[in-house]
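S.K.: Quick one: the structure is below, questions incoming.
Any read-out appearing in this document is the output of simple, stated calculations on the displayed coordinates, not a laboratory observation. Quick caveat, the model's predicted, so the values are computed rather than measured. Don't worry about glycine lacking a Cβ; one is built from the backbone with ideal geometry, like all the others, and counts go over all protein chains shown.
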């Protein structure tokens, strides 16, 4: 389906090629995040979308005069029960979501009423429009889609600014007592055998580290919802594909080994002088008192600084360890819009979810609390 305004041609291209040179050029000049990288989106659409029952909805805007790419909006249509949902290409693997467009061109699009109307027509129909995980200070997607104002999510993202040398960053980011504690843990760990830390540099080491990550993460996340994504073949294939194809440029997979065996690993993306942590795993059972996770992130920070990175981004989630490494919170935003009566009911239920969770928690605590009597009992 194609339409046109005075300045832009707007189309929905289901088979858009994210590995094309024109998209690479657009991405490089855009305000998009690492999670809109050509390789990331290519693998997401080709390896995950069909497994999730999602249909690509890739809105492509081109300059009418030249045909040059102006913006790509990577979306999905997903039916969740009876609700027809339109959302960013995420499928639980992306932490930051954004249009692929430069700020100047985005402002130009907002000033083109015809182009905006055409984009909105392509996105419809839907029962519910959900644009979550929007980073602070990014392009106002709600204005483009005529959606309500964004609302703050319940969780934040965390990042720490890196400075060279490593010792200076460590002294400024970590509490002095925590520095001493980690130094002690590291000495203890070194006494257990031949300890090594490296960044995977070939296909074999990548698969070895990912297999170990899958093994460590399975029991750890078994009780949380539907478990760890790495346990599902399509997601393991997705991360493996991105890691192997992006190795040495877009992707880094760090591994800590004891006597040649991987005991900890961190997978992340490198984008514009930032390293974004997306997944980690540690042999917690084998090294219960060695704080493997903290030691691993300390080594990752050192390597990033030596490479010249300016930011270590722990991405979305309020885990306490992020603040221990100097991580500063940044708000995350969501844009939601109902497109039908069913969508309005669903949106109302989503907005009540925090209250319902709190009520359920209080009921659970009430049921589990011991019966009180007038006289203390043992």
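S.K.: Fewest Cβ neighbours within 10 Å first, please rank 90, 28 accordingly. Please list the in-between numbers first.
M.R.: Numbers: 90 23, 28 10.
Fewest-to-most Cβ neighbours within 10 Å comes out as 28, 90.
S.K.: Hey, what did region 86-133 get for relative contact order, percent, Cα under 8 Å, at least 6 apart? The partial results should precede the final answer.
M.R.: Details: 21 pairs, mean separation 32.3, N = 48.
Relative contact order of region 86-133: 67 percent.
S.K.: If you fit an axis through the alpha-carbon atoms of helix 233-246 and take the longest principal axis of the Cα set of the chain, what angle between them do you get, 0 to 90°, nearest 10?
M.R.: The angle comes out at about 90 degrees.
S.K.: Expressed as a rounded percentage, what relative contact order does the chain have, with Cα pairs under 8 Å and six or more residues apart?
M.R.: Numbers: 641 pairs, mean separation 77.8, N = 378.
Reported relative contact order: 21 percent.
S.K.: Shifting gears a bit: Between residue 51 and residue 177, take the C-beta separation as r, use R0 = 41 Å, and let me know the FRET efficiency to the nearest 0.05. Walk me through the numbers on the way to the answer.
M.R.: On the way: r = 47 Å, r/R0 = 1.14.
According to the calculation, E is roughly 0.30.
S.K.: How much mean residue ellipticity at 222 nm does the chain get from its helices, if each DSSP H run of length 4 or more adds -39500 (n - 2.57) and you divide by all residues, to the nearest 500 deg cm²/dmol? List each step's numbers first, then the result.
M.R.: Numbers: 12 runs with 142 residues, N = 378.
Theoretical 222 nm ellipticity from helices: -11500 deg cm²/dmol.
S.K.: What is the extension gain from residue 146 to residue 124, computed as 0.36 nm multiplied by their sequence separation minus the C-alpha to C-alpha distance, in nm to one decimal? Working shown, then result.
M.R.: Details: separation 22, 0.36 × 22 = 7.92 nm, distance 1.20 nm.
The span from residue 146 to residue 124 would gain 6.7 nm if fully extended.
S.K.: Please quote Rg/Rh for region 79-120 to two decimal places, taking the Kirkwood radius as Rh and restricting both calculations to Cα atoms.
M.R.: 1.10
S.K.: Looking at the chain as a GNM with Cα springs under 10 Å, which of 67, 326, 343 has the largest mean-square fluctuation?
M.R.: In this elastic network of the chain, the residue with the biggest mean-square fluctuation among 67, 326, 343 is 67.
S.K.: Could you state the principal axis extents of the C-alpha atoms in region 163-309, from the largest down, to the nearest angstrom?
M.R.: 43, 36, 31
S.K.: For the Cα atoms of the chain, what angle does the longest principal axis make with the long axis of helix 113-123, in degrees from 0 to 90, nearest 10?
M.R.: Here the helix axis deviates by roughly 60 degrees.
S.K.: Between residue 285 and residue 167, what is the label-to-label distance in nm when each label sits 7 Å out along the Cα-to-Cβ direction?
M.R.: 4.0 nm
S.K.: Here is a further query. Quick one: among 248, 268, 260, which has the greatest mean-square fluctuation in a GNM of the chain with alpha-carbon springs under 10 angstrom?
M.R.: 260
S.K.: Run the quick spin-label model on residue 108 and residue 307: label points 7 Å from Cα toward the beta carbon, then report their separation in nm to one decimal.
M.R.: Rounded to a tenth, the inter-label distance reads 3.4 nm.
S.K.: Find how much the distance from residue 205 to residue 188 grows on full extension, using 0.36 nm per residue of separation minus their present alpha carbon separation; answer in nm with one decimal. Working shown, then result.
M.R.: Working: separation 17, 0.36 × 17 = 6.12 nm, distance 2.61 nm.
My answer for the length gained is 3.5 nm.
S.K.: Now, a different point. Mind jotting down the three principal axis lengths of region 79-212 based on Cα atoms? Whole angstrom, largest first.
M.R.: 66, 35, 30
S.K.: So how long is each side of the chain along the principal axes, counting just the alpha-carbon atoms, biggest first, in Å?
M.R.: Over the chain, Cα extents along the principal axes are 70, 64, 38 Å.
S.K.: Just want the ordering: 351, 191, from fewest to most Cβ atoms lying within 10 Å of their own Cβ. Please report the intermediate quantities before stating the final value.
M.R.: Values: 351 11, 191 8.
Arranged by neighbour count, lowest to highest, 351, 191 become 191, 351.
S.K.: What percent do you get for the relative contact order of region 163-309 when only Cα pairs under 8 Å and 6+ apart count? Could the numbers behind the result be given before it?
M.R.: Numbers: 176 pairs, mean separation 39.8, N = 147.
Across region 163-309, relative contact order equals 27 percent.
S.K.: Next question. May I ask for the angle, rounded to the nearest 10°, between helix 292-307 and the longest principal axis of the chain, with both axes built from Cα atoms and the value confined to 0 to 90°?
M.R.: That helix lies at roughly 60 degrees to the long axis.
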